[in-house]
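Right, one structure below, let's go through it.
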Amino acid sequence: MGVTRLKRKDRRNSNAANQRIKDIKLLTKLPAIKNVDIEAIKASFAAKKA
């Protein structure tokens, strides 16, 4: 007895997997925010309040 492959479903599953991989790569590629001047941010909030 031969094995029938569901080609359409296979294609859809591989497309979903590839998209998931692309999304993960895109999210991990974004750099983290570093060297933030907290005092300058606090001063800007204080300026907005006054």
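The values are calculated or read from the model by the stated rules, or taken from the named source; none is laboratory data. Computed from a prediction, not measured in an experiment: that's the story for all the values here. Backbone-built Cβ (ideal geometry, glycine too); neighbour counts: all protein chains shown. Please note that ligands, DNA and RNA were not included when accessible areas were found on the heavy atoms of the full protein model with its side chains. Shrake-Rupley method; radii C 1.70, N 1.55, O 1.52, S 1.80 Å.
Computing the accessible area with a 1.4 Å probe over protein heavy atoms, can you report the carbon and sulfur percentage for the chain?
59 percent
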Quiz item: If r is the Cβ-Cβ distance from Ala40 to Arg20 and R0 is 35 Å, what FRET efficiency results, to the nearest 0.05?
Solution: 0.35
Exercise. Sequence neighbours fewer than 8 away in the same chain don't count; with that in mind, list the lysines whose C-alpha is under 20 Å from Lys42.
Key: Lys34
Quiz item: Mind listing the Cα extents of the chain along all three principal axes, in Å, largest one first?
Solution: 80, 21, 11
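Return the loop-located trypsin sites (Lys or Arg not before Pro) in the chain (DSSP other than H, G, I, E, B) with at most 15 other Cβ atoms within 10 Å of their own Cβ; answer none if there are none.
Counting only loop positions with at most 15 other Cβ atoms within 10 Å, the trypsin sites (Lys or Arg not before Pro) in the chain are Arg5, Lys34.
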Quiz item: Using the alpha-carbon atoms, what tilt in degrees (0 to 90, nearest 10) does helix 38-49 show relative to the longest principal axis of the chain?
Solution: 70 degrees
Quiz item: Taking only DSSP H segments of four or more residues, each worth -39500 (n - 2.57), what value at 222 nm results for the chain once the sum is divided by all its residues, to the nearest 500 deg cm²/dmol?
Solution: -23500 deg cm²/dmol
Quiz item: Which value, in Å², gives the accessible area per residue of the chain when a 1.4 Å probe is used on the protein heavy atoms?
Solution: 109 Å²
